[in-house]
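Report on the following structure.
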Amino acid sequence: MAEKFDYDKLPTEIQYEIADDIARDNKERSNRFYPELRIREGIYSKYVKRLIDLSISTPALIVLFPVNAVIGVITYFDVGRPVFFKQQRMGKNGKLFTMIKFRNMTNETDENGVLLRADLRVTKWGKFVRATSLDELLNFVNIFMGDMSIIGPRPLPVGYKGRFNRYHEGRHAVKPGLDCPLRNPDKVMTWENRLENDAWYAQNVSFMTDAKLVWLLVRKAVWGKDRKVRAEGVNEGTFVGYFEDGRVMDSNHIPDKYYIEAIERNHWKG
């Protein structure tokens, strides 16, 4: 594994090329190591879940308006304009939508113009709103609009498209949500655990499943082990694909050869 290469300091196009190379070599092969995906669809997932989302998001937007207004003002004086962070994310069946959050990082770059790591750009106020998830209160707008649900896999940026094998692609068979907490709260939120949990959720959507995960979501937001990780923007890596044996690969564990091939192909000097 490579320690001399820093994935986050590479130009975005090289990062994407590395993920493409990994997918070329291992994505189809990884399918052999995973079971067949069986999506669960019923009255609850088709109709009831949406009604619940509306019944929660509508009053939430009204009640939280003063809170959002205060957060917006503080954010303006903390990081300046724009106050909102907007990004295209992948929704159900891969449909794109714009997710809105409050900004909590500066746009500081290194000498090469590359954005610094997240943990170096998060402000003190940003750490607080991330730890308390206050920066994500605007997600209720996306829930009200029908792009997201209360519970569902976290929506990922479009750059992740094409990296998932058939089993993990099942996370896009349902609407993304505020979060999809690990059903075993004692587990650490690694990419391996996250994708497994998302695929499990797509196959087990029900009122009881959502009720349990809502409780775990509240518990995670208030007492969760990963509050410090989220608050400081600690780099847990980026999902880039799979190893030859089907294990999930993140950007902290990319074999050297993929860095070397992509960097040489682009004649990048760093």
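What follows is calculated from the coordinates using simple rules that are stated; it is not laboratory data. It should be emphasised that the depicted structure is a prediction, and the values quoted were computed from it without experimental measurement. All Cβ positions, even for glycine, are placed from backbone atoms using ideal geometry, and neighbour counts span all protein chains on display.
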In what order do Tyr258, Tyr76 fall by count of nearby beta-carbon atoms within 10 Å, going from fewest to most?
Tyr76, Tyr258
Go through Lys92/Lys220; Lys127/Lys212; Lys49/Lys95; Lys49/Lys101; Lys4/Lys95 and tell me which ones have a Cα-Cα distance over 26 Å in this structure.
Lys127/Lys212; Lys4/Lys95
Expressed as a fraction of 2.2 N^0.38 Å, the rule-of-thumb size for a compact globular protein of N residues, what is the C-alpha radius of gyration of region 1-121?
1.52
Cα-projected label distance for His253 with Gln203, points at 7 Å along beta-carbon direction, nm
2.1
What whole number of Å gives the distance from the Cα centroid of region 19-66 to the Cα centroid of region 117-156?
16
Taking the Cβ of Ala262 as the center, what net charge do the other residues with Cβ under 14 Å away carry, scoring Lys and Arg +1 and Asp and Glu -1?
-4
Which ordering of Tyr259, Tyr47 is given by a fewest-first count of other beta-carbon atoms within 10 Å?
Tyr47, Tyr259
Global size of the chain as Cα Rg and Dmax, reported in angstrom:
19.2, 56
Given 0.36 nm per residue, what is the gain on full extension from Trp268 to Phe33 after removing their alpha carbon distance, in nm?
81.1 nm
Write down the percent of antiparallel bridges among all DSSP beta bridges whose residues are both part of the chain, to the nearest 5.
85
Potential extension, Tyr76-Ala211 segment - 0.36 nm per residue separation minus Cα distance
45.0 nm
Can you order the peptides 100-107, 236-243 by their average number of other Cβ atoms within 10 Å per residue, highest first?
236-243, 100-107
Quick one: Met99, Met189, fewest Cβ neighbours within 10 Å first, how do they rank?
Met189, Met99
Grab the other residues whose beta carbon is less than 11 angstrom from that of Val248, score K and R as +1, D and E as -1, and report the net.
-1
Assuming 0.36 nm per residue, please report the length gained on full extension of the stretch Lys161 to Leu96 beyond their Cα-Cα distance.
22.3 nm
